[in-house]
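The values are calculated or read from the model by the stated rules, or taken from the named source; none is laboratory data. The structure presented is a predicted model; accordingly, all values stated were derived computationally and were not measured. Using ideal geometry, Cβ is built from the backbone for each residue, glycine included, and neighbour counts are taken over all protein chains shown. Protein only, heavy atoms only, side chains kept; ligands, DNA and RNA dropped before computing areas. Shrake-Rupley method; radii C 1.70, N 1.55, O 1.52, S 1.80 Å.
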Amino acid sequence: MLLGPAIERGKIMTAGKATMPFGWRVFGVGIMALAMVCLAWGDFDPGQPVPRDFPDRNALAYAAAVFMLVAGAAVEWRRTAAWGAAALTVYYALIVVILMNGRVALAHYAEFGTYGGAAEQLAIAAGGLIIYAASARIDPALAARLTRLGQRAFGVCALLFGGAHFFYMNLTAPLVPKWLPPSQEFWAYATGVGFVAAGVAILTGVQARFAAVLLTAMFASFTVLVHVPMLLAQPSSHWIWSENDLNLAVLGTAWVVADSLARAQR
């Protein structure tokens, strides 16, 4: 007698899963864009510091780029999203953050920029973890724990992003368009405060989704106001291309976090 209602519930769940959250797609596109820049330059992404004298460095750079391209593309399809997200999470968390950036952090532990750079890579790992938790066929309780871990990791990243604005105001302020009132310094400080406030909100759960939505909008504004103009001014710069695509990937993560917090409120 309960078979009919159970089938109906299954249909509803299937229909709900048919449409992928748009944040997943932005995240995947950002990773693929980073991979294509690496392939074009035949080098690792600047956020993946590998010593120049590392054995077979060029071959490894191409291999890493192909891996990122395939895994990013996998995130774009629901049937492959779980394994693509899992692969990116493991690669960014263990290889990029711990091995690559960890080595730099040990050598330059007194420089805040070391941790800000690692936070950009950790944010990608956090986005991958949340997508994996939402798409994999795992225990709901485990999925909830992994999702919260990814959210908290991104909250810490937001705090570090904000701190970087204050530690390196001399580098941040000039990135703001001069025509934007009231001043470049104002917006550099304002975005720094916004990052810190959003990080606190996500970590504490107080207005967390609202904070994640605002972060998504802020990253989107960076693309329009900062990264695209820089790219148009210096289209041959590897670093600028990478920064533009990295911002897109982290924008995707912020969107993924906002989506995950929306699901938690239902």
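Of all residues in segment 58-79, which are of a type in the set (D, E, K, R) and surrounded by 15 or more Cβ atoms within 10 Å (Cβ to Cβ)? Steps first, answer last, please.
If we filter segment 58-79 for residues that are of a type in the set (D, E, K, R), which is where we start, we get 76, 78-79.
Listed by number, the list holds a single entry, Glu76.
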Go over the candidates Val250, Val156, Val213 one by one and state the one that is farther than 21 Å from Gln48 by Cβ, out of contact with any Ser or Thr (no Cβ under 8 Å at 6 or more places or on another chain) and at pLDDT 95 or above. Val213
Unique match (being under 21 Å from Ala119 (Cα atoms) and surrounded by 15 or more Cβ atoms within 10 Å (Cβ to Cβ)) among Ala82, Ala87: Ala87
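Which of the following residues is under 18 Å from His238 (Cα atoms), in contact (Cβ under 8 Å) with a residue 60 or more places away in the chain and in a helix (DSSP H, G or I): Leu34, Leu39? Can you show your working first?
Numbers: Leu39 fails: in contact (Cβ under 8 Å) with a residue 60 or more places away in the chain.
Going through Leu34, Leu39 in turn, the sole match is Leu34.
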Could you give every pair whose Cβ atoms fall below 7 Å, whose first residue belongs to segment 178-202 and is without any contact (Cβ under 8 Å) to a residue 60 or more places away in the chain and open to solvent by 30 Å² or more (accessible area, probe 1.4 Å), and whose second residue is not polar (S, T, N, Q) and not in a helix (DSSP H, G or I), counting only separations of at least 6 or pairs across chains? Gln184/Val176; Gln184/Lys178; Trp187/Val176; Trp187/Leu180
Can you tell me which residues in segment 211-249 are in contact with a helix residue (DSSP H, G or I) (Cβ under 7 Å, 6 or more places away or on another chain) and polar (S, T, N, Q)? Thr216, Thr223, Gln234, Ser242, Asn244, Asn247
Flagged in segment 203-219 as open to solvent by 60 Å² or more (accessible area, probe 1.4 Å) and polar (S, T, N, Q), in numbering order, are Thr204, Gln207
With respect to Phe219, is the statement that it is at pLDDT 95 or above, under 30 Å from Gly42 (Cβ atoms) and of a type outside the set (Asp, Glu) true? yes
Check off (1) touching a residue at least 40 places away in the same chain (Cβ under 8 Å); (2) farther than 16 Å from Leu215 by Cβ for Gln151 and give me the number that stays unchecked. (2)
